[in-house]
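Q: Please read through the structure below; I'll follow up with questions.
The values are calculated or read from the model by the stated rules, or taken from the named source; none is laboratory data. Predicted model, so just to flag it, every value in this text is computed and none were measured. Here the Cβ positions follow ideal geometry from the backbone for every residue, glycine too, while neighbour counts run over all protein chains shown.
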């Protein structure tokens, strides 16, 4: 599709299917691996969460096309130091072209 952003990283999205008896999200075991670009160059941005609290973003994960991901899913990737990180998306942004086609799904984690 669009080849102007190199997708050098691998990201696994682990889907959550519902809530358990305690109201916690449970994983249905669906793991899908995507090629992605992980951008660490942002400066620990602070955004307002859904409940009005302040949240610090440490990286942006850029996925090609429209990716089915929700705020309850887990994004798992290996950082530059070799540590495996499993984080929930704090913000999901769809980047579109002028025709309305989704080019990228951006996850702020």
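Q: At least 2 residues that are touching a strand residue (DSSP E or B) at 6+ places or on another chain (Cβ under 6 Å), more than 18 Å from residue 5 (Cβ to Cβ) and at pLDDT below 95 in each: list the strands (runs of 3 or more DSSP E) lying fully within the stretch 37-109 that qualify. Working first, answer last.
A: Numbers: elements: 45-48, 54-57, 60-64, 74-78, 84-87, 91-96, 102-108.
The strands (runs of 3 or more DSSP E) meeting that bar are 45-48, 54-57, 74-78, 84-87.
Q: State the number of residues belonging to the stretch 1-36 that are in a strand (DSSP E or B), closer than 19 Å to residue 109 by Cα and modelled with pLDDT of 65 or more.
A: The total comes to 14.
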